[in-house]
Amino acid sequence: MPGHHIDSYRARVTTYEIRIAGHLDRRWTATFDGMTISRREDATTVLRGDVADQAALHGLLAQLRDTGLTLLSVAEAGDTMTAAVYERFGGPDVVHLAEVPRPHPAAGELLVRVRATTVSAADHRTRARDVPPGLLLPSSMVLGFFRPRRPVLGMDVAGDVVAAGEGVEGFAPGDAVVAMLGSRFGGHAEYAILKATDAVAAAPGSMPASEAVALVFGGITARAYLRQAAVEPGARVLVNGASGAVGTALVQLAKAAGAHVTGVSSAANHALVTSLGADRVIDYATHDFTADGSRYDVIADCVGNAPVARVQGSLEPGGAALLVAADLGALLAAPRQARRLGITVVTGPGAYRADDLEHVVALAERGAFRPVIDRTFPFEQIAEAHRLVDGGRKRGSIVVTIP
Ligand SMILES: NC(=O)c1ccc[n+]([C@@H]2O[C@H](COP(=O)([O-])OP(=O)(O)OC[C@H]3O[C@@H](n4cnc5c(N)ncnc54)[C@H](OP(=O)(O)O)[C@@H]3O)[C@@H](O)[C@H]2O)c1
């Protein structure tokens, strides 16, 4: 990517870090819209953000004086950024905002200014080490045994490319993108590095980043699983856990492929699941979908309580079981069960692919896939977002915006 693009972008904005004594009251948050506000344990508040010019900086400082708090320092932020980090596994409160080095794109990499991300079931599982039975050992090899190997969580981002390393084609500074970082994480920060070979796609033109980001985690996972099951028009698809991030995406993507879709969720979420296109809804509290004689071509389990052993009698010959959530036993049994029953068992999404994300964005652009957002939190309240995800009952995605 030509260097002058990068330099001209940098010349336009300067990132400032302003430190004040005391904790800035939350009622001022709207006044400083566009700044990341971190309330620190040392009883100071740090405001950080891009400022267009000196006049804008003076305006900002005048507003800060109005808060009545003492200004401690004003400095160009230099080569750091605010990130949500965690140094030990545990509950939502292990996550806090901190200044960390700002990454630089190497050859083949993009630097993205993150505008929005989500706290996903994967962030919860990783942070709390709450993984399905048997998977703690293999997941620890990637995520760390005693302390987190990746201190910044966040699998998905929507934001703007601000710099591109040598050899990157297809994206340039200024492009709005969405991306799936997968188990490399790093999305819960002001800036994230993407490899040009990652699942990156141009963001849908019509959607703000805070909505577009909610397409990514569920959408790309749903697409990756459905692609491996080759869903034909008219196929009967059942989605267990139809109201979560992956479930809401599976319902919509299967519907867009022409399937007849049954969604299993609590009764409280039936209106949502129906609004996404499900032809039939089942309340798991009162009805066991494996016990009513119905048969399906595809059964997707996003909960972890519908392994092949339970659903095999509900699958059509040659059907497919999609194990989105599964324990080690179910994953290990899959190849043998697939052979014995003559079915397809999909045990993972495989490597996340850009063309899958492009497919998802294209569906969103033609109104066939809408992001389902339970709640949106500002960056400074990311621990609250984690708390909500920990409940295990979110509807679609929990979005975090990074001003
Ligand atoms: N294999 C992979 O690569 C991969 C990728 C993505 C996600 N996952 C896993 O897939 C699972 C789903 O992810 P997600 O992001 O969709 O999670 P999520 O958004 O946290 O799912 C929450 C939903 O689960 C539903 N639920 C809870 N208990 C249920 C039950 N007994 N029956 C039916 N629905 C139930 C809740 O619906 P109600 O409130 O209606 O009960 C809630 O809407 C997670 O375990 C996640 O770790 C795996």
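Within segment 259-312, considering only strands (runs of 3 or more DSSP E) that don't extend past its boundaries, which have at least 2 residues that are within 12 Å of the ligand (Cβ to nearest atom) and among the aliphatic types (A, V, I, L, M)?
The qualifying strands (runs of 3 or more DSSP E) are 280-283.
Would you say ALA222 is more than 16 Å from the ligand (Cβ to nearest atom) and buried (at least 24 other Cβ atoms within 10 Å of the Cβ)?
No.
Condition first: free of Cβ contacts under 8 Å to residues at least 40 places away in the same chain, open to solvent by 20 Å² or more (accessible area, probe 1.4 Å) and β-branched (Val, Ile, Thr). Can you find one or more residues in segment 286-308 that meet it?
yes
Say whether the condition of being closer than 28 Å to ASP390 by Cα and out of contact with any His (no Cβ under 8 Å at 6 or more places or on another chain) is met by at least one residue in segment 161-176.
Scanning segment 161-176 turns up no residue that is closer than 28 Å to ASP390 by Cα and out of contact with any His (no Cβ under 8 Å at 6 or more places or on another chain).
Within segment 271-285, can you find the residues that are crowded, with 19+ Cβ neighbours inside 10 Å and without any contact (Cβ under 8 Å) to a residue 12 or more places away in the chain?
None; the set is empty.
Filter segment 314-349 for residues that are within 13 Å of the ligand (Cβ to nearest atom), part of a loop (DSSP other than H, G, I, E, B) and either open to solvent by less than 50 Å² (accessible area, probe 1.4 Å) or modelled with pLDDT under 95 (or both) and give the result.
VAL324, ALA325, ALA326, GLY348, PRO349
Which of the following residues is touching a residue at least 24 places away in the same chain (Cβ under 8 Å), within 30 Å of ALA326 (Cβ to Cβ) and not assigned by TED's automatic domain parsing to the domain that holds LEU332: GLY186, GLY108, GLY167, GLY174?
Just one listed residue meets the conditions, GLY186.
Which residue out of VAL178, VAL168 is assigned to a strand (DSSP E or B) and open to solvent by less than 10 Å² (accessible area, probe 1.4 Å)?
After ruling out the rest, the residue left standing is VAL178.
Output yes when any residue across segment 109-125 is among the aliphatic types (A, V, I, L, M), away from the ligand (no atom under 16 Å from the Cβ) and touching a helix residue (DSSP H, G or I) at 6+ places or on another chain (Cβ under 7 Å), and no when none is.
Yes, that holds for at least one residue.
On the given criteria, is VAL119 hydrophobic (A, V, I, L, M, F, W, C), open to solvent by 40 Å² or more (accessible area, probe 1.4 Å), in contact with a strand residue (DSSP E or B) (Cβ under 9 Å, 6 or more places away or on another chain) and not assigned by TED's automatic domain parsing to the domain that holds ALA333?
no
The values are calculated or read from the model by the stated rules, or taken from the named source; none is laboratory data. Source: prediction; values computed, not measured. Because the Cβ atoms are built from the backbone with ideal geometry, glycine has one as well, and the counts that use them run over all protein chains shown. The accessibility values were calculated without ligands, DNA or RNA, using every heavy atom of the protein model including side chains. Shrake-Rupley method; radii C 1.70, N 1.55, O 1.52, S 1.80 Å.
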